[in-house]
Amino acid sequence: MRCLLCNKSINPDIAKCPVCGFRVIHTTYKNNETNNNVFKQIKIDYLEYKLSGISVGLKVYDYAVTENDVTIIAENDIILCECKNLRPNEIIWFNDIFEEIISDRKFALCVFVKKQNESNRVFKVDIMPNRNISHSKIGVILDNGLTFRIVIGKENDYISSRAIQLL
Ligand SMILES: [Zn+2]
């Protein structure tokens, strides 16, 4: 069977998922709206607890361009979202607009997962635009399991990166 929270394959005889710690629930209850809503709330409560103190961010760079060279002159970390606010399959948009993302070629973002008292996990994330995506917003979407993707675009019209493991 699969964990109902992180979607990893698990042994049904154990009490808790070894990956995310969510309790192993044998769904013998009736599949109706009330039960589904109760279960949805249990998942949301657990997500909030499990993802508390974790954030997803982006490294941004300022460049100095001379005739022959491009040099990084500053590096800043911006936090895109607090992960406890993420809900499966919903996007949290970052407020600022990334006007400089105007490209029809592949480009890379430097994404990090920040957790209290741990060093950041950093990922190089390729974005392959299939159209002009200027004046777009950047956002984070939580998948059904405990992975997320970076999205660029706007509501109902965006491209997304590969999935990154959140924990
Ligand atoms: Zn799990």
Quiz item: How far is helix 33-50 tilted off the main Cα axis of the chain, in degrees rounded to 10, range 0 to 90?
Solution: 50 degrees
Quiz item: Setting aside same-chain residues fewer than 8 positions from Lys40, which aspartates and glutamates have a Cα under 13 Å from its Cα?
Solution: Glu48
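Whole-Å semi-axes of segment 1-50's equivalent ellipsoid, largest first, each the root of 5 times a Cα gyration tensor eigenvalue?
Values: eigenvalues 68, 42, 11 Å².
They are 18, 14, 7 Å, listed largest first.
Please state the equivalent ellipsoid semi-axes for segment 1-89: what are the square roots of 5 times the Cα gyration tensor eigenvalues, largest first, in whole Å?
On the way: eigenvalues 370, 44, 23 Å².
With the √(5λ) rule applied to segment 1-89, the semi-axes are 43, 15, 11 Å.
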Self-check item: Taking Lys124, Lys16 and counting other C-beta atoms within 10 Å, the order from fewest to most
Solution: Lys124, Lys16
Exercise. May I ask which of Lys43/Lys124; Lys16/Lys114; Lys8/Lys137; Lys8/Lys124; Lys8/Lys43; Lys59/Lys137 have a Cα-Cα span longer than 27 Å here?
Key: Lys43/Lys124; Lys8/Lys137
Exercise. Go from 0 up to the bin containing the longest alpha carbon distance in the chain, width 10 Å each, and give me the % of pairs per bin.
Key: 9, 32, 31, 18, 8, 2, 1
Self-check item: Residue-averaged [θ]222 nm for the chain, counting only DSSP H segments that reach four residues, each worth -39500 (n - 2.57)
Solution: -3500 deg cm²/dmol
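No value in this document is a laboratory result; all are computed from the given coordinates. Computed from a predicted model, the values in this text were never measured in an experiment. Ideal geometry is used to build each Cβ from the backbone, glycine not excepted, and the neighbour counts take in all protein chains shown.
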